[in-house]
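S.K.: Got a structure for you, written out below as structure tokens; questions coming shortly.
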Amino acid sequence: QVQLVESGGGLVQAGGSLRLSCAASGTTFSINTMGWYRQAPGKQRELVADIGSDGTTAYESSVKGQFTISRDNAKNTVYLQMNCLKPEETAVYYCNYRQGFFTPADSGSWGQGTQVTVSS
């Protein structure tokens, strides 16, 4: 089964930047869709960004132009570059792996999550 390990979270001041990484193992990474989702305390988990096997991307509307998702198939890794971070973006960020771009995220695999805390 695929294993997903997130890293790069931490504490950052408002306006700062972080880059999250998710390394996948035990899978043919290049043919799958990867995504980043986040869950704040007391809230539902929500899409942040997806990236398909062909490089197609989708972003939650509030992060367009602020966050960038990318993938390096040679390294079996997906990244989320987060700029201009806001306190309301404090959440646990989860990596998602699934078969297709339009496949529900819950049909795939999840990483353990990495905490992002943005201070004001």
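The values are calculated or read from the model by the stated rules, or taken from the named source; none is laboratory data. Worth saying up front: this structure is predicted, and the values here are computed from it rather than measured. So basically every Cβ, Gly included, is an ideal-geometry build from the backbone, and we count neighbours across all protein chains shown. Heads up: the accessible areas ignore ligands, DNA and RNA and are worked out on the full protein's heavy atoms, side chains in. Shrake-Rupley method; radii C 1.70, N 1.55, O 1.52, S 1.80 Å.
S.K.: Taking Val12 and the conditions (1) of a type in the set (Val, Ile, Thr); (2) open to solvent by 50 Å² or more (accessible area, probe 1.4 Å); (3) in contact (Cβ under 8 Å) with a residue 24 or more places away in the chain; (4) over 16 Å from Trp110 (Cα atoms), which numbered condition does it fall short on, given that it satisfies the others?
M.R.: Val12 satisfies all of (1) of a type in the set (Val, Ile, Thr); (2) open to solvent by 50 Å² or more (accessible area, probe 1.4 Å); (3) in contact (Cβ under 8 Å) with a residue 24 or more places away in the chain; (4) over 16 Å from Trp110 (Cα atoms) except (2).
S.K.: Further question: Using the structure shown, decide if Gly111 is within 30 Å of Gln1 (Cα to Cα), open to solvent by less than 30 Å² (accessible area, probe 1.4 Å) and out of contact with any helix residue (DSSP H, G or I) (no Cβ under 7 Å at 6 or more places or on another chain).
M.R.: Working: within 30 Å of Gln1 (Cα to Cα): yes; open to solvent by less than 30 Å² (accessible area, probe 1.4 Å): yes; out of contact with any helix residue (DSSP H, G or I) (no Cβ under 7 Å at 6 or more places or on another chain): yes.
Spelling it out, Gly111 is indeed within 30 Å of Gln1 (Cα to Cα), open to solvent by less than 30 Å² (accessible area, probe 1.4 Å) and out of contact with any helix residue (DSSP H, G or I) (no Cβ under 7 Å at 6 or more places or on another chain).
S.K.: Only residues that are out of contact with any helix residue (DSSP H, G or I) (no Cβ under 9 Å at 6 or more places or on another chain) and free of Cβ contacts under 8 Å to residues at least 24 places away in the same chain: list them for segment 44-65, please. Break it down into steps so the answer makes sense when it comes.
M.R.: Step one: filter segment 44-65 for residues out of contact with any helix residue (DSSP H, G or I) (no Cβ under 9 Å at 6 or more places or on another chain), giving 44, 46, 51-52, 54-61, 64-65.
Within segment 44-65, Gln44, Glu46, Asp54, Gly55, Thr57, Tyr59, Glu60, Ser61, Lys64, Gly65 qualify.
S.K.: Count, please, the residues in segment 64-110 that happen to be in contact with a strand residue (DSSP E or B) (Cβ under 7 Å, 6 or more places away or on another chain) and outside any loop (DSSP other than H, G, I, E, B).
M.R.: Residues in segment 64-110 being in contact with a strand residue (DSSP E or B) (Cβ under 7 Å, 6 or more places away or on another chain) and outside any loop (DSSP other than H, G, I, E, B): 25 in total.
S.K.: Could you identify the single residue in Ala91, Ala58 that is surrounded by 18 or more Cβ atoms within 10 Å (Cβ to Cβ), closer than 19 Å to Trp110 by Cβ and among the aliphatic types (A, V, I, L, M)? Spell out the reasoning first.
M.R.: Numbers: Ala58 fails: surrounded by 18 or more Cβ atoms within 10 Å (Cβ to Cβ).
From the options Ala91, Ala58, the qualifying one is Ala91.
S.K.: Here's a follow-up. Only residues that are assigned to a loop (DSSP other than H, G, I, E, B), within 16 Å of Tyr79 (Cα to Cα) and open to solvent by less than 60 Å² (accessible area, probe 1.4 Å): list them for segment 30-55, please. Before the answer, list the steps.
M.R.: First pass over segment 30-55, keeping only residues assigned to a loop (DSSP other than H, G, I, E, B): 32, 40-45, 52-55.
Still in the running and within 16 Å of Tyr79 (Cα to Cα): 32, 52-55.
Listed by number, the residues that qualify are Asn32, Gly52, Gly55.
S.K.: If you go through segment 13-29 one residue at a time, do you hit one that is in a helix (DSSP H, G or I) and within 15 Å of Asn96 (Cα to Cα)? Break it down stepwise before answering.
M.R.: Narrowing segment 13-29 to residues in a helix (DSSP H, G or I): 29.
Checking the rest, the ones that are also within 15 Å of Asn96 (Cα to Cα) come to 29.
Scanning segment 13-29 turns up at least one residue that is in a helix (DSSP H, G or I) and within 15 Å of Asn96 (Cα to Cα).
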